[in-house]
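Below: the structure, in structure tokens.
The values are calculated or read from the model by the stated rules, or taken from the named source; none is laboratory data. Remember, it's a predicted structure, so these values are computed and weren't measured experimentally. Here the Cβ is made from the backbone with ideal geometry for all residues, glycine too, and neighbour counts use every protein chain on show.
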Amino acid sequence: MARPDKAAAVEELKQQFENSDAVLLTEYRGLTVAQMKDLRVSLGENVSYAVVKNTLTAIAAKEAGINDLDEFLKGPTAIAFVNGEPPEAAKALRNFAKANSQLVLKGGYWDGAVLSAENVNKLADLEPREVLLAKAAGAMKASLHQAAYLFTAPMVKAVRTVDALREKQDNAPASDA
């Protein structure tokens, strides 16, 4: 391959690193073309999965400001460039790896941090964004309900006390003075 082609490949990889929300690295040794196609389909529309050259990827990652990926760039490497929710992509990769032992999760990069294979698995365990937002909204609603109850409780207690005193006064025998 000529030098301009390599420079173009590095530039393209650099752009993908910069434009992705997360990057997940895998080893694909032993997967058939049909299995790779199935994997790409299972990752969905928001993930671009590509086989890469390690040396060019290392250069592109450094140019994009991502360091410490060198330990993952050994052996046959394919990268999932995630444009969307990283937990969903990590879950898809983990599920595919369970069904196809040839796919190995190496690690990744998300939110300014390098992820080990174990961290990618933890990322896959996260609930979807919508579920987390719903849980947060439910907790906030419960807190607001509790606060409203606490604010109205003294007034309710005062009203009940006044009603009880009024009822007691109405039921008290009239005194002859």
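Please go through region 84-114 and give me each residue that is among the hydrophobic types (A, V, I, L, M, F, W, C) and in a strand (DSSP E or B), ordered by number. Explain how you work it out, then say what you get.
So the first thing to find is which residues in region 84-114 are among the hydrophobic types (A, V, I, L, M, F, W, C), and the list is 89-90, 92-93, 96-97, 99, 103-105, 110, 113-114.
104, 105, 110, 113, 114, listed by residue number.
Looking only at region 1-28, which residues are more than 27 Å from the chain's Cα centre (by Cα) and crowded, with 19+ Cβ neighbours inside 10 Å? Correct list: 10 only.
For residue 31, the conditions (1) surrounded by fewer than 19 Cβ atoms within 10 Å (Cβ to Cβ); (2) part of a loop (DSSP other than H, G, I, E, B) are fulfilled apart from (1). In this structure, residue 137 does satisfy being surrounded by fewer than 14 Cβ atoms within 10 Å (Cβ to Cβ), out of contact with any His (no Cβ under 9 Å at 6 or more places or on another chain) and not assigned by TED's automatic domain parsing to the domain that holds residue 41.
Given the structure, is residue 106 basic (Lys, Arg), surrounded by 16 or more Cβ atoms within 10 Å (Cβ to Cβ), closer than 25 Å to residue 37 by Cα and touching a Phe, Trp or Tyr at 6+ places or on another chain (Cβ under 7 Å)?
Values: basic (Lys, Arg): yes; surrounded by 16 or more Cβ atoms within 10 Å (Cβ to Cβ): yes; closer than 25 Å to residue 37 by Cα: yes; touching a Phe, Trp or Tyr at 6+ places or on another chain (Cβ under 7 Å): yes.
Here the answer is yes, as residue 106 does meet what is asked.
The set of residues in region 34-75 that are assigned to a helix (DSSP H, G or I), surrounded by fewer than 17 Cβ atoms within 10 Å (Cβ to Cβ) and among the small types (Gly, Ala, Ser) comprises 34, 42.
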